[in-house]
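Reading through the structure tokens given below for one structure.
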Amino acid sequence: MTDDVFNQAPPFTGHDLSSSDAALLSGVVRENAGWATGELRRLGALAGSERAGEWGRLANEHPPILRTHDRYGRRIDEVEFHQAWHELMTVAVENGLHAAPWAGDRPGAHVARAAKFYLWTQVEAGHGCPISMTYAAVAALRQDPALAAEWEPLLASRDYDFGLRPPLEKRGVLAGMAMTERQGGSDVRAGTTRAERLGDGSYALTGHKWFNSAPMCDVFLVLAQAPGGLSCFLLPRVLPDGTRNAVHLMRLKDKLGNRSNASAEVEYHGATARLVGEEGRGVRTIMEMVNMTRLDCVIGSAAGMRYGVTRAVHHATHRAAFGRRLIDQPLMRNVLADLALESEAATTLMTRLAGAADRAVAGDPAESALRRTALAAGKYWVCKRAPAHAAEALECLGGNGYVEESQLPRLFRESPLNGIWEGSGNVAALDVLRALGREPEALEAFFAEVSLAAGADRRLDEAAGRLRGSLGDLTGVEARARRVAEEMALVLQGSLLVRLAPPAVADAFCASRLSAGAGRAFGTLPAGLDLKAVIDRAVVGSPVDSP
């Protein structure tokens, strides 16, 4: 019969995304967030449901629409979203994926939040943008205790209260960010938006922003040129008296991916804003926010890798070709093991960075120093690997993977974003060099972390030695900044896996990433490795265990 369907993988739904992720769960426990395991399982079950998958599909098939004017010609500057977007946002906020960790001082709170963000953004990545910026905004606002006291309770609220109303009258608010201008891009100091000081202590902002991330949010952190230099401001969309601030949404960006989320070009026409921190210290102030959003870039890329490898293994487990299941064919097994290896390395690094952030927030200077180099290097490398990983996972499904219904094209389109957002590859790599040059304690903290695995694997020891040697001679280092960032990330990942992962995983990583020949295409793992153990580690407890 022509309508008989066989040799197709069943839908990848109906299971808890957390229970099969050994790297995530062990990392959460290790980084003082084991108390959140129950919450992760509940969220993981929803994330693995058909209902949540449908929300993700609909939010992308019905992208946001900008309504600049009402029927009478009055400016309204509203962004309209499909109901599926609001469902995704409601779950994210109710589960504390935004600023909830700032509401207390429980050890591991930021790690638990990172794990939830990792699980839930596997459903749909675009709505993670306003969630991430709301989380990160608190770090910047805390440089102004008065502003923080006013806004933190609303930012950390677990009520998703969408709509344009005075922020302080809402049950909860979301934060966005506007830094770059059309002539500057990553060079934010080239911005021309002006901030004029007013008699009541507020400022009037006039100018434009080429990228206003999540323009439907309630408040934004904005960079503008004040009398004292480039400064950071808090700008609400609606003023306390209920009138709309003088912010005009000019158009929404037509993006490669991230299509469920709105990104806008905006103009300020004397928009009212409040200074955050001191005049002239805008970059330093907003960098507190950037550090947190960079962590989310790593988390988001690790989540995308996890999504890709689980779908690839699931397909290969249930699909047969040339008389055998795909997963039983040596070359496909090599590809799947390599994808699983990259995913586990990213997840393990992500949880370690989240732990460093958690302890840095609590005032640990050593963890703050480690985060300074490890986060920039990790952001560079993990986000750089994501597109290649997504492409290979898609290819594992063959033509089925190239079809939109598989959702892997959406993963592929999304995969370059985190490498661009919050500093493209060059910016992140150069930030590693700045940290090395300005903060010797940051390099010391990095090698102190790596040395915890010293003597456990010869290949790791040799790679760490080569890295020390390359950092000992900084002649012409800017031109090789990417190589430095890559080597630092790989050595750090290797040290973590040697200490914390099963021997088969650590062995495969050191053999393929730290030895000669590293950097080849996925599926080129050398002979002699236990590839089955690597794959089994990635899928234990999931429906891919058996056909």
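Which whole-number percent gives the relative contact order of the chain, counting Cα pairs below 8 Å spaced six or more residues apart?
Worked out over the chain, it gives 14 percent.
In degrees between 0 and 90, to the nearest 10, how far off the longest principal axis of the chain does helix 83-94 point, with axes built from Cα atoms? The helix 83-94 is inclined about 90 degrees to the chain.
The calculated FRET efficiency for the pair THR37 and THR90, based on their C-beta separation and a Förster distance of 22 Å, comes to about 0.45.
Assuming 0.36 nm per residue, please report the length gained on full extension of the stretch LEU198 to ARG182 beyond their Cα-Cα distance.
Stretched fully, the LEU198-ARG182 segment lengthens by 3.1 nm.
Applying a DSSP loop filter and a limit of 16 other Cβ atoms within 10 Å to the chymotrypsin sites (Phe, Trp or Tyr not before Pro) in the range 70-101 leaves TYR72. Extension gain, ALA190-THR13: 0.36 nm per intervening residue step, less the Cα-Cα distance, totals 58.9 nm. Sorted fewest first by neighbouring Cβ atoms within 10 angstrom, TYR118, TYR160, TYR402 come out as TYR402, TYR160, TYR118. Think of it as helices only: each DSSP H run of n ≥ 4 in the chain is worth -39500 (n - 2.57), and spread over all residues that comes to -16500 deg cm²/dmol at 222 nm. For the pair ARG520 and GLN83, a Förster radius of 35 Å applied to the C-beta separation gives a FRET efficiency near 0.20, rounded to the nearest 0.05. Between ARG434 and MET250, the modelled labels are 2.6 nm apart [label points 7 Å from Cα along Cα→Cβ]. The ranking of MET177, MET216 by Cβ neighbour count inside 10 Å, starting from the fewest, reads MET216, MET177.
Taking amide H as placed 1.01 Å from N in the peptide plane, HIS208 has its amide H under 5 Å from the amide H of THR193, TYR268, each at least 5 places away in sequence or on another chain. Neighbour counts of C-beta atoms inside 10 Å place SER406, SER231, SER515 in the sequence SER515, SER406, SER231, starting with the fewest.
Using R₀ = 22 Å, calculate the FRET efficiency as 1/(1 + (r/R₀)^6) where r is the Cβ-Cβ separation of ASP473 and GLU441; round to 0.05. Efficiency, rounded to the nearest 0.05: 0.60. In the chain, the longest principal axis of the Cα atoms and the axis of helix 145-155 are about 60 degrees apart.
Taking the Cα centre of the chain as origin, work out the dipole magnitude from +1 charges on Lys and Arg Cβ and -1 charges on Asp and Glu Cβ, in debye rounded to 20.
Value, rounded to 20: 600 debye.
Within the range 62-159, the trypsin sites (Lys or Arg not before Pro) that combine a DSSP coil assignment with at most 11 other C-beta atoms in a 10 angstrom radius are ARG71, ARG74.
Just subtract the alpha-carbon distance of GLU61 and ASP530 from 0.36 nm times their residue separation and send over the number in nm, one decimal.
My answer for the length gained is 164.7 nm.
What does the C-alpha gyration tensor say about the overall shape of the range 234-370? Classify as rounded when a/c is under 1.5, otherwise prolate if a/b is larger than b/c, or oblate. Taking the square roots of the gyration eigenvalues as a ≥ b ≥ c, the range 234-370 is oblate.
Let me check I've understood the local charge: for ARG251, count other residues with C-beta under 13 angstrom from its C-beta, Lys and Arg +1, Asp and Glu -1. What total comes out? Surrounding charge for ARG251 is +1.
Against the main long axis of the alpha-carbon atoms of the chain, helix 109-120 sits at an angle near 70°.
Among the listed values (i) 4, 19, 29, 26, 15, 6, 1, 0, 0; (ii) 3, 12, 16, 17, 16, 13, 10, 7, 4, 2, 1, 0; (iii) 3, 14, 21, 22, 20, 12, 5, 1, 0, 0, the one computed from these coordinates for P(r) over Cα pairs in 10 Å bins from 0, in percent is (i).
A short reminder: the numbers here are calculations on the coordinates, not readings from a lab. Keep in mind the model is a prediction, meaning the values are calculated, not measured. All Cβ positions, even for glycine, are placed from backbone atoms using ideal geometry, and neighbour counts span all protein chains on display.
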